[in-house]
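Since every read-out is calculated from the coordinates, none of them should be taken as a lab result. Predicted model only: the values in this text are computed from it and were never measured. We place every Cβ from the backbone using ideal geometry, glycine too, and count neighbours over all the protein chains shown.
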Amino acid sequence: MSFSIVNKIRKGAYIDSVALMQISRQLKELDGVDEAGLMMGTPANLRIMADAGVLSDIGKTAAPNDLVIAIRARNPSSAETALKKAVDLLGSPRARESGLVWRPNTIRTAVAEHPQANLAIVSVAGEYAAAEARKALRNNLNVMIFSDNLSIEEEMSLKQEARDSGLLVMGPDCGTAIIGGVPLAFANRVSDGDIGIIGASGTGIQEVSCLISRLGKGISHAIGVGGRDLSLEVGGMSTLAAIDLLDEDPGTRHIVIVSKPPAEQVVARIFDRIAQSPKPFTICLLGAGKKSAPANAAIVSTLKSASEHAAGNKLRVEGDLTVQSGAPQMKTPGLTIRGLFAGGTLCAEAQIVLLDHNEPVHSNVPVPGSSLPDGKRGHLLLDLGADEYTRGRPHPMIDPHVRNDFLIQAIEDTAVGAVVVDVVLGYGSHENPAAVLAAALAEHGDARPQIVASVCGTDRDIQGRRTQISLLKDAGVLVAESNADAILKALSIVRERDGG
Amino acid sequence: MVRLNMMEFDSRENRPKNRLLSEKLCVVNIGLEQFAADLRQMDIPVVHLDWKPPAGGNLRLATLLSKLED
Amino acid sequence: MKKDNRSKIKKANAEAIERMLSGDPVWIDVVPAGQIIDGLKEHLILHAGPPIGWKDMCGPMRGAVTGIAVFEGWARDLEEAEDMAGAGEFEFQPNHHYGAVGPMTGMTTMSQPVMVIKNRTFENLAYCTINEGLGKVMRFGGNDSEVLDRLAWIRDILGPGLATAVRDLKGIALKGVVGRGLTMGDEMHQRNIACSALVLRELSPALARTTINSSELSEILTFIGRNDQFFLNLAMAMGKAIMDPVRNIDCSTVVTAMARNGTDFGIRVSGTGDQWFTAPVEMPEGLYFPGYTEADANPDMGDSTIVETIGLGGFAMAASPAVAGFVGAGPASEGFSYTRTMMEITLAQNPEWSIPAMDYTGVPTGIDIRRVVETGLTPTINTGIAHKEPGVGQVGAGVVKAPLACFEKALIAFGEKMGVA
């Protein structure tokens, strides 16, 4: 079999050996090229090239400071092509972009490179979250733990360590926070202002911050403390730390606390601490029943009243909330409300409003006074973001489609007279939840119970609150000005049907 | 019996002061990349970690590490 | 109890780093190995890497063993040497157990001259043979007459010649040479040309003064001048001299040695003493000289990873970014990423060895087994690739990683020692 050897010498040219080896490799990939070598003409290298069968008489004359290009190919034209390519590659300094963006692998290295870092957001799988949160604390970072499924012992241990180090742990299961006006994780673009929020849950913070923003006031910071912070075991460590921070913050004038009912002794501790503060507090302990508040605090039972109380004015009713003409009428009048919530706290608030009106309420996450679904008569309010619905499925705030099946079920249930849904906007949420809802309803045409929605968000959110409201109204959905108002509207609809 | 976690009212002056609310936010993000992307869009300094479970997910080694690490 | 362990480890590691950074390695002499290495004797052959027996040795290692046996006069020819080796007539020991290191096959025996490095801070000595140069050499398993003749010349002319010159200079301090080399594109594993040139510059006047025979002088200067990797062996002995005083610090998780024998990769850790933690070597990823491919490559071999152990080589890739090009189609700018990645697994930066192009970042120093296991990032090593047949020589160069298993085993042993495993 014949072959062609072609050598070229560049006198006095020095090119780094690695660059040369990379060029050789590219040449070897060309059609018809058997072997290629680019090396400086030292005796050792010439020997290597000779052994490889690429050296011609020309190449043998090279001096140590000369660059030798040596190619062995199937035929002269392949050899020449390869030679041209070699000269080409040698001539053009590669401006090749590195695809590699170097990222730190550990918190330690990240902090070493960015000493001004002050907050870690941890959203890895629950089994790893505690360890990462601990590393964050050890590296002097405050931590927002978005992950859930940490044990209560891990939570206690982390919050103790944080307290000893003068750091804050938000969460676990903290979906929402706002620090210095910056929305974190699932949060909304709200107005800046002087009202601080301490919240045990994401959507509680979202609803209050959005309502306050719509009421013409603004938020300084919103600190999420996790749903178990006010338990007996955790003892309110993060809540107390948050109160300290907001007390010391000159930009905060009024503090709103939103929580589920806490353990008795913990309530006492929190109230004692509140009493020591010079600032006024609004406390919303969903479902806690009557309590006596410290002098500088007001206790309310809904997110809406907390927002109105803190902002110092009332929500205006937006537009006409009467049942729109042309809206589908029911054939059989159902008398119960079905609530399908993406936000757990919104579900809780809805339950409380109904209980306040002496209605029987069932829920998969019952507040005191509600019961688990037991087949008996009553309204059914579901938190679709709860664990049992999100195993292996996306959360309804991220993907509203998962609510559709429940929606259809509710529509087809003759006992249901009204359906309440929450449409949550902001960072992390689906880009167009109203459209998803409207599409599901469109497929269902005519006779159906009235759908009542509230839109938790602002016009500055990506989804645009006004746009979302329009889409919903066009689909025949009644839009209430808050979650509390939505459930009230639904109640008035079924009571009307019931004859008052 | 559950140990009641009562906060001792040790003087707050003894604990280091937390500057989170007064400093410019600078975030280290571990986990969902979307959070870092959102922050970057807001021009907030954020470092997203190239994170993997410690010890490649080997529970025995991860537990050992947790007892030996700084 | 837990907190107790952690602070002990922290303290021990601080001590380890302090010892590493305060080392003062000086090339003070060249001496026949049998005259200075305690315990070196007839039929004892020191090799690279962790302990290994004849039957497990790879091709190049066997070639080197038979060659050195003939060289020392223990066997008449290579065949007899092979029989003797098979019959157990030679004792094989790691260089590391005798205060020495050797590149590739790493043969160290009685009559070979070794360069002697003294760590003046701790007064300990370390040894390495003189680099044979490129091509057909014993470190790649070469054992023909060309190789043995060269070794004889090294024994009779080069060794003694260098000894006189080095003593005349009252030693050559090496830390500063390395510091300068880092600014000139060396990383001291695959790139040693700047440091080799700097050392030759210091040696030449002394050689001129002390070498009586002018043709010998010419041979010596030519030999060293032609060898781009002359400094490698000095860098290795320097590494050994720096790391030996860091051994045996109770509760320290710092790696004190990394070495390969062509079959196994071994590491030693300060807090677990002289125990080797081994795992099969990995295959380098790299570029090959004309005529060769991965199929020709020998598995990773040599004590030269002592260089990475002190923060050079693959750890200092940012100083020698072209070397990053060995891996895949990576551009030189990826050299920075390699060095930054090594910072994830080390405890400190060396203020005396810094990389100008990386804003004078000091090289990552003090490999911590905890961090290796935590991140899964293992030390990156810049290495030459030998042909798997003895005596052919280097066929390429590339990057190889230390096996994670070594560090996992070490961590478990360390944990047991600390009473927490």
Crossing angle, helix A:237-248 versus chain A [Cα axis fit, 0-90 degrees, rounded to tens]
90 degrees
What value, in deg cm²/dmol to 500, does the helix sum -39500 (n - 2.57) over DSSP H runs of n ≥ 4 give at 222 nm once divided by the residues of the protein assembly as shown?
-11000 deg cm²/dmol
Relative to chain C, whose Cα atoms define the longest principal axis, helix C:214-226 and its Cα axis are tilted in degrees, nearest 10, by 40 degrees
Please name whichever of A:ILE178, A:LEU285, A:ALA136 sits farthest to the positive end of the charge dipole of region A:107-311, dipole taken about the Cα centre and charges placed at Cβ: Lys and Arg +1, Asp and Glu -1.
A:LEU285
Using the Kirkwood radius over Cα pairs of region A:1-63, the Stokes-Einstein translational diffusion coefficient at 20 °C and 1.002 mPa s, in µm²/s and rounded to a whole number, is 175 µm²/s
Residue-by-residue Karplus 3J(HN,Hα) for region A:121-126, coefficients 6.51, -1.76, 1.60, Hz, glycine and proline x
10, 10, 9, 7, 3, x
Under Karplus coefficients 6.51, -1.76 and 1.60, residue-wise ³J(HN,Hα) of region A:212-227 in Hz, glycine/proline x:
4, 5, 6, 7, x, 10, x, 10, 7, 8, 10, 10, x, 10, x, x
Report the Cα centroid-to-centroid distance between region A:233-286 and region A:97-146 in angstrom, as an integer.
28 Å
Please state the relative contact order of chain C as a whole percent: Cα pairs under 8 Å, 6+ residues apart?
20 percent
On average, how much area does the Cα convex hull of region A:336-497 cover when viewed from any direction, in nm²?
8.8 nm²
With no solvent and one equal point scatterer per Cα, compute the Debye intensity ratio I(q)/I(0) for region A:107-311 at 0.14 Å⁻¹ and report its log10, rounded to two decimals.
-0.75
With N set to the number of residues, divide the alpha-carbon radius of gyration of the protein assembly as shown by 2.2 N^0.38 Å and report two decimals.
1.22
Going toward the positive end of the dipole of region A:336-497, with +1 on Lys and Arg Cβ and -1 on Asp and Glu Cβ, which of A:VAL494, A:ILE408, A:ILE462 do you reach last?
A:VAL494
In whole angstrom, largest first, the equivalent ellipsoid semi-axes that the Cα gyration tensor gives for region C:142-210 are 25, 19, 8
Rg(Cα) of chain A divided by 2.2 N^0.38 Å?
1.43
Could you give the dipole magnitude of region A:389-494 about its Cα centre, charging the beta-carbon of Lys and Arg +1 and that of Asp and Glu -1, in debye to the nearest 20?
180 debye
Between the modelled labels at C:THR183 and A:LYS314 (7 Å from Cα along Cα→Cβ) the distance in nm is 7.8 nm
On Cα atoms only, tilt of C:59-71 relative to the major axis of chain C in degrees:
40 degrees
Within 10 Å of each Cβ in peptide A:122-132, how many partner chain Cβ atoms are there on average? Round it to a whole number, please.
5
Cβ under 14 Å from A:SER220's Cβ, A:SER220 left aside: what net charge do those residues give with Lys, Arg +1 and Asp, Glu -1?
-2
In the P(r) worked out for chain C, what percent of Cα pairs fall beyond 27 Å?
47 percent
With a Förster radius of 35 Å, plug the Cβ-Cβ distance of C:ARG209 and C:ASP359 into 1/(1 + (r/R0)^6) and report the FRET value to the nearest 0.05.
0.25
Quick one: length gained pulling A:ALA275 to A:ARG74 fully straight, 0.36 nm per residue minus the C-alpha distance?
63.2 nm
Taking A:HIS357, C:HIS189, B:HIS48 and counting other C-beta atoms within 10 Å, the order from fewest to most
A:HIS357, B:HIS48, C:HIS189
With a sphere of radius 13 Å drawn around the Cβ of C:GLY376, what net charge do the other residues whose Cβ falls strictly inside it have (Lys, Arg +1; Asp, Glu -1)?
0
Quote the FRET efficiency, to the nearest 0.05, computed for C:GLU89 versus C:ASN248 with a Förster distance R0 of 25 Å and r equal to the Cβ-Cβ distance.
0.15
Let me check I've understood the local charge: for A:ARG273, count other residues with C-beta under 10 angstrom from its C-beta, Lys and Arg +1, Asp and Glu -1. What total comes out?
-2
Out of all DSSP beta bridges in the protein assembly as shown, what portion is antiparallel? Express it as a percent rounded to 5.
50 percent
If every Lys and Arg gets +1 and every Asp and Glu gets -1 at its Cβ, then about the Cα centre region A:107-311 yields a dipole, in debye to the nearest 20, of 460 debye
Relative contact order computed over region A:107-311 (Cα-Cα under 8 Å; 6+ residues apart), in percent
16 percent
Can you grab the distance from the C-alpha centre of region A:463-499 to the C-alpha centre of region C:341-416, Å, no decimals?
63 Å
Shielding by partners - mean other protein chain Cβ count within 10 Å, residues of C:371-379:
6
Can you tell me the relative contact order of region A:4-97? Whole percent, Cα pairs under 8 Å, sequence separation 6 or more.
41 percent
Where nothing but the Cβ of Lys and Arg (+1) and of Asp and Glu (-1) is charged, how large is the charge dipole of the protein assembly as shown around its Cα centre, in debye to the nearest 20?
1720 debye
Apply the Karplus curve 6.51 cos²θ - 1.76 cosθ + 1.60, θ = phi - 60°, to the phi angles in region A:296-312 and return the couplings in whole Hz, x for Gly and Pro.
8, 10, 10, 9, 10, 10, 10, 5, 5, 5, 4, 5, 5, 5, 5, 7, x
Peptide A:165-172, shielding by other chains (average Cβ, 10 Å cutoff):
2
For a protection proxy built on the mean count of beta-carbon atoms within 10 angstrom, sort A:479-486, C:170-177, C:35-42, C:66-73 highest first, please.
A:479-486, C:66-73, C:170-177, C:35-42
In this model, which of A:LYS60/A:LYS85; A:LYS85/C:LYS388; A:LYS159/B:LYS17; C:LYS8/C:LYS175; B:LYS52/C:LYS409 are farther than 25 Å apart at the alpha-carbon?
A:LYS85/C:LYS388; C:LYS8/C:LYS175
Calculated FRET efficiency, A:SER470 and A:ASP498, Cβ-Cβ r, R0 35 Å, to nearest 0.05?
0.65
For a protection proxy built on the mean count of beta-carbon atoms within 10 angstrom, sort A:270-278, A:297-305 highest first, please.
A:297-305, A:270-278
Final fewest-first order of C:TRP74, A:TRP102 on the 10 Å Cβ neighbour count is A:TRP102, C:TRP74
